[in-house]
Amino acid sequence: MMGKILDDMTHLRGDIDRAREVRAQAQQGRSEQLADRASMVERMLTGFAATRANQGAADRASRQQFLAGLEQDINALNQGVRDRMQTLHQTRVEQAAAAAGERRAQVEAIADDIRGTLGDFKQKMSAFRSDYLASVNEDAFARAGFVANTGRQVAELVGGFRRERSEQAATDAQARIAFIKELGSQVAEIQSSVAKDLDGVRQLFGSGNFSDPIGRRPAAPSKPSKPTAMHAQAQPQPAAKESKPSAAERDTKKPNAQQAAKAKEPKTGD
């Protein structure tokens, strides 16, 4: 049993040592690869720098050559433009000198036309001013006539309103007088009927002053067939007290309009 474990441990120790050696060899290989790659990248960067320097020098030379050619082209264009402007100026001076007489004649003709147009315009303005003044005077006369006619119409309208108002006031006064007369006749009828009722009450109760006019019609009492002796003896004092007129009613001989209106209300209500 112990021999088997020892063998297994021996094999495990050997495997560990072999794995360590393999890792050490792999680490050395990676170190060599990294060194090779570092040298390769360094050579590449050196090549890039040399290529960039060569390309920069070539670009500078090309730009200098392009700028030199561009400067020559610009100088040539400037000289051509100066020559052309000089030619145009000379041509313009010659044309201006040749056309000065024609322009002078054209300007004089235009000035003559303008003078004639201004003269016609002045004449037309004078005629227009005369026509305008005549039209203004006609409009003023027309407005004055219109205002006068409107004033007469307004005065007639106001006079008609006043006449209608006077007639309506007279008609209303007559209607009020007729209404007051009718109201007086109704009040007289009411007083007559009340006087007749007072005569009956006086006969029933045998005492009390009912001869004076009253301002308001009392409620119509029920008419008994014949009061008994006991009823006649028990009721005289309360009846005389209720039918006694007030001092204002004794002093008033003729009912005024307010009393007449109050006297009319219970009649219509009954």
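For A53, the shell of other residues with beta-carbons less than 15 Å away shows a net charge of +1, using +1 for Lys and Arg and -1 for Asp and Glu.
With the whole protein complex present, D73 retains an accessible surface near 90 Å², based on a 1.4 Å probe.
Over segment 52-138, the pair-distance histogram of Cα-Cα distances with 5 Å bins from zero comes to 3, 11, 7, 8, 6, 7, 6, 6, 6, 6, 5, 5, 5, 5, 4, 3, 3, 2, 2, 1, 0 percent, rounded to whole numbers. For segment 6-22 versus segment 42-57, the inter-centroid distance based on Cα atoms is 52 Å.
The gain in end-to-end length when the E164 to N78 segment is fully stretched comes to 20.4 nm, 0.36 nm per residue minus the alpha carbon separation. Just check segment 1-69 against the gyration tensor rule for me: Cα atoms, a ≥ b ≥ c as the square roots of the eigenvalues, rounded for a/c under 1.5, and otherwise prolate or oblate depending on whether a/b exceeds b/c. The shape class here is prolate.
Each Cα pair of segment 78-123 feeds into the Kirkwood radius, which the Stokes-Einstein equation turns, at 4 °C and 1.567 mPa s, into a diffusion coefficient of 97 µm²/s.
The values are calculated or read from the model by the stated rules, or taken from the named source; none is laboratory data. Since this is a predicted model, take the numbers as computed values, not measurements. We place every Cβ from the backbone using ideal geometry, glycine too, and count neighbours over all the protein chains shown. These area figures cover heavy atoms from the full protein model, side chains too; ligands, DNA and RNA do not enter into them. Shrake-Rupley method; radii C 1.70, N 1.55, O 1.52, S 1.80 Å.
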